[in-house]
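This report concerns only the one structure given below.
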4 protein chains.
Amino acid sequence: MENNTRKISWKTRLHEIIYEADTKEGKFFDVILLIAIITSIVLVMLESVESFDKKYHDFLNIGEWIITILFSIEYLLRIISIQKPLKYIFSFYGVIDLLSTIPKYLSFILVGSHNLAALRALRLLRIFRVLKLGRYIGASNRLLVALKSSRAKIAVFLFFVLIVCIILGTIMYMVEGEENGFTNIPKSIYWAIVTLTTVGFGDIAPQTPLGQLIASVIMILGYSIIAIPTGIVSSEMTKNNANENITNTQSCPSCLKENHKEKAEFCYNCGSILNP
Amino acid sequence: MENNTRKISWKTRLHEIIYEADTKEGKFFDVILLIAIITSIVLVMLESVESFDKKYHDFLNIGEWIITILFSIEYLLRIISIQKPLKYIFSFYGVIDLLSTIPKYLSFILVGSHNLAALRALRLLRIFRVLKLGRYIGASNRLLVALKSSRAKIAVFLFFVLIVCIILGTIMYMVEGEENGFTNIPKSIYWAIVTLTTVGFGDIAPQTPLGQLIASVIMILGYSIIAIPTGIVSSEMTKNNANENITNTQSCPSCLKENHKEKAEFCYNCGSILNP
Amino acid sequence: MENNTRKISWKTRLHEIIYEADTKEGKFFDVILLIAIITSIVLVMLESVESFDKKYHDFLNIGEWIITILFSIEYLLRIISIQKPLKYIFSFYGVIDLLSTIPKYLSFILVGSHNLAALRALRLLRIFRVLKLGRYIGASNRLLVALKSSRAKIAVFLFFVLIVCIILGTIMYMVEGEENGFTNIPKSIYWAIVTLTTVGFGDIAPQTPLGQLIASVIMILGYSIIAIPTGIVSSEMTKNNANENITNTQSCPSCLKENHKEKAEFCYNCGSILNP
Amino acid sequence: MENNTRKISWKTRLHEIIYEADTKEGKFFDVILLIAIITSIVLVMLESVESFDKKYHDFLNIGEWIITILFSIEYLLRIISIQKPLKYIFSFYGVIDLLSTIPKYLSFILVGSHNLAALRALRLLRIFRVLKLGRYIGASNRLLVALKSSRAKIAVFLFFVLIVCIILGTIMYMVEGEENGFTNIPKSIYWAIVTLTTVGFGDIAPQTPLGQLIASVIMILGYSIIAIPTGIVSSEMTKNNANENITNTQSCPSCLKENHKEKAEFCYNCGSILNP
């Protein structure tokens, strides 16, 4: 389909700028994009504040249109510069990019659709791609490794929490009943989650002594089992650290012993010079 | 009692399907059962939502009956296929299975008994038996090992929390008094638990300056001592990890024992050289 | 002062039973005492519940008197059997024992004094002395060791939390003002503690946008710094565990290497038998 | 500029007393200063309590003036005794010192300015400088080291929390709407922070079933991801402990270097035998 080499090279350069962040222009583009995303989110936020919207409605509206047009251009450029446009369009970021562009256009046809612009907040996730540039790559990588390797344990834990909440919520519905705010089982389960996670809004609270006793059990349970995910991640990260310590060292040239202190000049085992 | 070998083998096969999950049919049965349990719980939930129950009462009623009949058949099959039926009937799961089957039948006689169907949520605990099949066995096993070995420490901790709540709850009852919602000592203890576990519903809150001072102490205490169960489980899991590392090594060539120390040159069991 | 040997031996035996818990009688006495303490606490609790007190006032009153007389006898026996009675009387437990005995007598003279009986809950602390008997000694000891060795770090942390709460509470008083519930600085500091510790009663909540912004900062701060006490205790306990592993082992009789596996029969270094 | 040696030595001594805390007088000055700061904070607190201010207005006013004059003298002495006064005046502590001195003078001109005295609480931060004197230096140093080395990870975590709160807050605004208290997006984000950090004031709470479902997800998320900062700090501190263990060993007999590896036979710095 593409046989003009100049066109390809032009596309390749555009692709590098838009999709990658290794070149100077790529970094610049990503930073500008992030500023535009944050601006657009601030605009949507301010628009939702009634008192502010009344005063500066026109200013906000113009800002929205500028952002929308910029996003539209970016979206088109992304489609043009990529080899397989369909793959981008139906990718996670592709869908988000479209959804954060169209609401302003849709507001001509559908009245309520304007609120969809709030979905732009999802574009902020792009920030993690930009973070890769800086010194945070190591930090976020290690976090991800620790989380990934403890995925199975955390899944079992969340599963256990959910079952406990279903059972305790159901029991609370039977104990407290509709007259005390536990109007149906889903709401009771919602209350059990609110309580077990130690959030405790207080919009629904047990009134009967038996209900308060069960609530106490739920709270102490929630207070104790928070130790489990914490323990999982802590031990995972401690393990990671241990691995780090081992890999950061030299090996003695004469006796081949490893695990030397970081600034060591002589082998701790045979006394020969480490870096002649 | 049973002397017909064909009957025994038929029972044995049924037993394998219903009680075990190692065979293909056994897994299939367990998955079907779980789907039935989840469906039954969703039905009970929806029934408790008044607006939904009004519209689809008949549909929910029929669904309930189908589930009840399925559960009844399963319950009877469980009794038939096991060697010692009484042991099953009075076991934890046996009682739960019965309690989750009979409410619909009882609703002919007793009016309120229908709510007992909510107890079906307890059947969800069976899911942990099915989880054993998959890749989660390691994760949940390690979790259980860590929790079991820190059982004594956690018991001491919970005991300490309870005593602190009783003492502080009693003091708050004396300080705040009935006019500020602390109507009696059990309720004050309930409040102390709500506060110490950092749930904080806010249905009862101290009003006097002295009460707020004591509440502050309780909150900071609760905020700090949550470190204790977390520390217990974290260190237990880190220890487990350390033990894991030991198991990742050679196996003795003469006695085949595993779990040697990392730098071991001789087998700790038979004394033969590990790496000749 | 005491020169009659028979009298001394009688006192010594009494002392052993009341103050120590190594003999059979001593254990029995402590268990009976705990039951009496728990009973007395339950009585005081029930008495504070108005509806219950109305019905069973006489029963509760008689129960109170029996407990009071038993506690009085115990208190006198404690004074008689000890070598230095004054030291006991002015000790922590001595004061609590007196305070939990006299309220009922005082209720003849002073009307409100009866509520002091609630202080009996403090006697529950004795339970930790009894716990020493059982298998929990190891668990609670290790907990105490970990807490003691991290005392300085936890003190610095709590100090930091208090200063942060004073500063942020003061700022919130200036931002939100009296019209939004932040009526004075001590109350604002109380609110800051409620928020930082993630309790969140909701009796006072920021209403202005700026106040909600500062509140968000406090909440995220509180959510993050809870990691600090947890980290302190976790690392302290992990260190303890490491020490445990090292100390639980033999040393090889021929090459003197240590740190053998627990069930090792041969030295991992020289292959000689460990326990000939 | 300064050529009179006696004047310099006088200034140097003053500088030592006011700015340092190594000498006896320096310690004494710092302790007196802390008492003055705490007294001034207590005065400002009491003044904000209306009922107390009415009774003891004159007493509080005189106390305020004494503190203000003392602080003024201290501020002038600080400027006189330091080599580069401008550097102090525009430093963090210099600005705080000024801000905590002037409000009382300003109260003659501006009426509301008196509240600025509350900023004196910031002076409490000085306490950490005094803490350096005591045995807490090690504890607070190790805390700081652990926090500093996990700074990048914690930044990534807080960033992730903020993005999640923006996205979930926006979604909740769309789901619940203004009629249920989610009046605008910033407020919804504030609610998301309140919920994710498990504070849960309850001033705003979801009312629709879908909103409660999303709230449940937020709460379980917040309950789980608290494990991340905790895990970061825990593992950092465990690593610190490990390094500590290394430092608890011999010192080289020829070059006096310390911190050798535990089984080291030769000095890592000069290569001489450690234990001849």
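Some points to look at:
- Between D:V233, D:G200, D:G181, the Cα set farthest toward the positive side of the dipole of segment D:144-239 (charges on each charged residue's Cβ, about the Cα centre) is that of D:V233.
- Arranged from fewest to most other beta-carbon atoms within 10 Å of their beta carbon, B:E178, C:E16, C:E47, B:E64 become B:E178, C:E16, B:E64, C:E47.
- Compactness of segment D:144-239 is given as radius of gyration and Dmax, 15.4, 51 Å, from Cα positions.
- Orientation-averaged projected area, Cα convex hull of segment C:51-96 (nm²): 3.9 nm²
- Legend: ranking of residues B:R13, A:R120, C:R78 from fewest to most surrounding C-beta atoms inside 10 Å; resulting order B:R13, C:R78, A:R120.
- Test item: D:185-193 mean partner chain Cβ contacts at 10 Å: 6
- Loop chymotrypsin sites (Phe, Trp or Tyr not before Pro), segment D:15-63 (other Cβ atoms within 10 Å of the site Cβ: 16 or fewer; DSSP): D:Y56
- Around the Cα centre of segment B:144-239, unit charges on the Cβ atoms of Lys, Arg, Asp and Glu (plus for the first two, minus for the last two) sum to a dipole of about 600 debye.
- Entries in C:K24/C:K87; A:K87/A:K153; A:K153/D:K187 that, when Cα-Cα distance is taken, lie over 29 Å: A:K87/A:K153; A:K153/D:K187
- Per-residue average of Cβ from other chains inside 10 Å of A:167-175: 4
Values quoted throughout were computed directly from the atomic coordinates according to the rules given, and no laboratory measurement underlies them. Computed from a predicted model, the values in this text were never measured in an experiment. Neighbour counts are summed over all protein chains in view; Cβ atoms, including those assigned to glycine, are modelled from backbone coordinates with ideal geometry.
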